[in-house]
Amino acid sequence: RWLRQHEYVEKLNMHGILSASAGQEQLLTELLVTHAKIPVLIGELISVEIWKHKVFPVLCRLEDFKPRSTFPIYVVLHHEASIINLLETVFFYREICESAEDSILDLIDYCHRKLTLLAARSTKAQAVTSAELRAEGLPSPSSMQADPVPPQELQKQAETMEFEISLKALSVLRFITDQVESLPLSALTRMLNTHNLPCLLAELVEHCPWSCWESGKLKKFENGTWHVVPPEDQVKMTKLDGQVWLALLNLLLSPECQRKYRFDGFNKSQLLKLRAFLTDVLIDQLPNLVEMQRFLSYLAVTEPAPPKKDLILEQVPIIRDHILKKNSGKWEAIAKHQVKHAFSPSEEELKFQARRWAQTYSLDMMEALAPDKPRCRVCGVEAAKRCSRCRNEWYCTRACQVQHWQKHKPACNLMA
């Protein structure tokens, strides 16, 4: 049942990306709003996040954890990425944000956790290489290899995937800040005072985890990979930079936000660091930042009035706390149950799942999503030939296909 639900989410995700690229995503947003599916997606997102942090580490430590194939586990890990990608696609619309209702508080908390992870990254020590990220793209049934992947490798894949998920959460948060006027009353208080998002966003501007220097060259993360930035483009603003600045504009310049935010000594000193980054080149690329520059100049020479202490009944997020309390002390039992009943499929069940994934990740859909032309599985050059049995792997020549056959054969037998 869960695998079928993931298939639906993955198909919605693919449909959302294709519809957005064609400017026709209105039908998808209407369906999600009409059937009240946004709270369901947020609940599922948080459930998988908890599984990844509570059950998955226990599962990897179990001595009897020797799966025939690790692809079913990878599917669970990838489920979080699929949902956050779908939410990123649709949260641009006000009606989607409003339809989240009280679960928007849980989503704000989720985004805060992911942004905290981003801010804590050491860009020098933990910069994710493009080679690692290529392995974390959209999964394919060819990942169902006969040779099991060690648990340590699965954990490494999960950590690598976490980086991209956190970047998607940044975009979702920015879209939420676009709609502060239509959010529940507690949402703004939670963003400004409970989590102090303005200071967290200022930290991201200062340390920029999606940018790093390697061997004297500047690399920036865009569209799923790290790119070496030519010297003439090093001052250009990336989409991720823009998301952070737009979120800051929404949170600091709104009159309602200014009324509620505590501009104490610490917050003020952190925000004033932003002035060093507001160069003429940056403002030319995002003219709205002129207002931010003026606000920070005013903040530097004044003492804003303290926030009014309104007596309110504040809502709190409940999805994550409910799951944690319900399953407290049961994580090892859950891991053992899932090893036995979910992650140890028979050969026939594995073949059946492979056929279903082949249908889910249809070749036409995957090729439409791919930003680049297919490349040879062996040498990496552009490829025009495809395995005639499974039609899943690409090769530039017959020689490369023959060379790769022994590695590809187990997956091909599953798929064919």
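The values are calculated or read from the model by the stated rules, or taken from the named source; none is laboratory data. Predicted, not measured: the structure shown is a model, and the values here were computed from it. Positions of Cβ are backbone-derived with ideal geometry, glycine not excepted, and every protein chain shown enters the neighbour counts. Accessible surface is based on the protein model in full, side chains and every heavy atom, while ligands, DNA and RNA are left aside. Shrake-Rupley method; radii C 1.70, N 1.55, O 1.52, S 1.80 Å.
Looking only at residues of the stretch 384-409 that are in contact with an Asp or Glu (Cβ under 9 Å, 6 or more places away or on another chain) and part of a loop (DSSP other than H, G, I, E, B), we find that the one that is nearest to Thr225 (Cα to Cα) is Cys396. Per the conditions (1) open to solvent by 20 Å² or more (accessible area, probe 1.4 Å); (2) at pLDDT 75 or above, the sole criterion not satisfied by Ala127 is (2). All of (1) within 16 Å of the chain's Cα centre (by Cα); (2) buried (at least 19 other Cβ atoms within 10 Å of the Cβ) hold for Phe92 with one exception: (2). Pairs linking a residue in the stretch 186-201 that is in the same structural domain as Ser166 (by the TED database) to a residue that is of a type in the set (Asp, Glu) and in a loop (DSSP other than H, G, I, E, B), with Cβ atoms under 6 Å and 6 or more positions apart or on different chains, are Ser186/Glu314. Ala36: within 23 Å of Gln179 (Cα to Cα), open to solvent by 10 Å² or more (accessible area, probe 1.4 Å) and not in a helix (DSSP H, G or I), yes or no? Spelling it out, Ala36 is indeed within 23 Å of Gln179 (Cα to Cα), open to solvent by 10 Å² or more (accessible area, probe 1.4 Å) and not in a helix (DSSP H, G or I). The residues of the stretch 52-104 that are under 18 Å from His6 (Cβ atoms) and in a loop (DSSP other than H, G, I, E, B), listed by number, are Pro67, Ser69, Thr70. Annotation: of all residues in the stretch 192-233 being more than 21 Å from Asn250 (Cα to Cα) and of a type in the set (Val, Ile, Thr), the one that is surrounded by the fewest Cβ atoms within 10 Å (Cβ to Cβ) is Val228. Among the residues of the stretch 205-262, those that are of a type in the set (Val, Ile, Thr) and touching a strand residue (DSSP E or B) at 6+ places or on another chain (Cβ under 8 Å) comprise Val228, Val229, Thr238.
Cβ separations smaller than 6 Å between residues 6+ apart or across chains give the following pairs from the stretch 161-178 residues that are within 17 Å of Ser211 (Cβ to Cβ) to residues that are of a type in the set (S, T, N, Q): Leu170/Gln243; Ser171/Gln243. All conditions in (1) farther than 25 Å from Tyr261 by Cβ; (2) open to solvent by less than 30 Å² (accessible area, probe 1.4 Å) hold for Glu164, with the sole exception of (2).
Given the structure, is Thr177 modelled with pLDDT under 85, outside any loop (DSSP other than H, G, I, E, B) and of a type in the set (Ser, Thr, Tyr)?
Working: modelled with pLDDT under 85: no; outside any loop (DSSP other than H, G, I, E, B): yes; of a type in the set (Ser, Thr, Tyr): yes.
Spelling it out, it is not the case that Thr177 is modelled with pLDDT under 85, outside any loop (DSSP other than H, G, I, E, B) and of a type in the set (Ser, Thr, Tyr).
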